[in-house]
Amino acid sequence: MEYAIKSMIAEISCQGTAKSVPPPLTRGVTRIGGAMLKRLLLLCLICSPAAAWSLYKPMRVIAPQWVEGISCVDAFICIDDVSRYPEALELYKSALHFVSTTVGSFHENPRVTFCTTEVCFQSFGFTKASASTVGKSGIVVSPRGWTLYYLRHEMIHHLQAERLGVLTQLLGPVWFIEGMAYSLSDDPRQPMAEPWRQHRADFEAWYEKVGKEGLWDEARKL
């Protein structure tokens, strides 16, 4: 566990020179504020792994099998009700194929924890979101998030963290980070509430200019 936490700290700390960007606004999925992230990483450095594990619940995505009631059935899927593993596996495979072919390939396939109860989801420190992504460490899906477009959305956030770095995925322009996830996940909800509708429209206008081929190179310039 101590090695895993140190690896996560190194991953976030060594993403290159961070750009000066304003703090993100509240988004459609749960996100970790930059200032809080730094404080919590410092806490990890000076406290024991057990303390960090207890005090900062999203860190539990590093080792979800240590959370009471959760089993990791394979290398990429953990779940609190193994009887629903076949359903989770189909969702995972479908979302992974969609994102890989329409957005970009993964360096490492994301690990997803599927929760069938709110108690499970809240054990990771999440409440309001339907699903949440923590950098490249993992995705947690609530009972409300067992849909393809939600899982595609979160996998796109994982891909952003891989391609652009964890800090950019956390602190980058909201219109890009969220607009991309809403748009390229093929989210069918219309009309979409503000500000997500505008973020999606802004991203789609930008994407029309840069195209799929220029997506990541141009994104690094934002």
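The values are calculated or read from the model by the stated rules, or taken from the named source; none is laboratory data. Nothing here was measured: the structure is a model prediction, and the numbers come from that model. Ideal geometry is used to build each Cβ from the backbone, glycine not excepted, and the neighbour counts take in all protein chains shown. Keep in mind that these areas ignore ligands, DNA and RNA; they rest on the heavy atoms of the full protein, side chains included. Shrake-Rupley method; radii C 1.70, N 1.55, O 1.52, S 1.80 Å.
Estimate the FRET efficiency between SER94 and LYS209 by the formula 1/(1 + (r/R0)^6), using the beta-carbon distance for r and 25 Å for R0, to the nearest 0.05.
0.25
Please work out whether the range 122-182 counts as rounded, prolate or oblate from its C-alpha gyration tensor, where a ≥ b ≥ c are the square roots of the eigenvalues and a/c under 1.5 means rounded, while otherwise a/b larger than b/c means prolate and anything else oblate?
Prolate is the answer for the range 122-182, as a/c is 1.5 or above and a/b outweighs b/c.
Output the peptides 106-114, 191-199, 154-162 sorted from most to least packed, where packing is the average of other Cβ atoms within 10 Å over each peptide's residues.
154-162, 106-114, 191-199
In whole Hz and in residue order, list the ³J(HN,Hα) couplings for the range 152-158 that follow from phi through the Karplus curve 6.51 cos²θ - 1.76 cosθ + 1.60, θ = phi - 60°; x for Gly and Pro.
Couplings: 4, 3, 5, 5, 5, 4, 4 Hz.
Calculated FRET efficiency, ALA193 and ASN109, Cβ-Cβ r, R0 25 Å, to nearest 0.05?
Plugging the Cβ-Cβ distance into 1/(1 + (r/R0)^6) gives 0.20.
Long-range amide H contacts for THR116: which residues qualify at under 5 Å (H placed 1.01 Å from N, peptide plane, sequence gap of 5 or more or a different chain)?
Those lying under 5 Å, H to H, from THR116 are ASP80, ASP81.
Please identify every one of the trypsin sites (Lys or Arg not before Pro) in the range 113-185 that sits in a loop by DSSP and has no more than 16 other beta carbons within 10 Å of its own beta carbon.
LYS128
Round to a whole number: what % of the accessible area of the range 144-218 belongs to carbon and sulfur, probe 1.4 Å?
Using a 1.4 Å probe with all protein chains present, the range 144-218 comes out at 53 percent carbon and sulfur.
In whole Å, how far is the Cα centre of the range 171-222 from that of the range 87-148?
Value for the Cα centre distance between the two parts: 20 Å.
Whole number in Å², please: accessible area per residue of the range 75-189, 1.4 Å probe, ligands, DNA and RNA not counted.
Accessible area per residue, the range 75-189: 34 Å².
In sequence order, what are the phi-derived ³J(HN,Hα) couplings for the range 59-74 according to the Karplus relation 6.51 cos²θ - 1.76 cosθ + 1.60 with θ = phi - 60°, rounded to whole Hz, with x for glycine and proline?
Values per residue, Gly and Pro as x: 4, 5, 5, 5, 9, x, 5, 7, 7, 4, x, 9, 10, 8, 6, 9 Hz.
Express in Å², to the nearest 10, the accessible area of ASP81 obtained by rolling a 1.4 Å probe over the protein heavy atoms while all chains stay in place.
50
ASP187: accessible area at probe 1.4 Å, nearest 10 Å²?
Answer for ASP187: close to 10 Å² accessible.
Would you pull out the residues with amide H under 5 Å of ARG111's amide H, same chain only if 5 or more places away, H placed 1.01 Å from N?
ILE139
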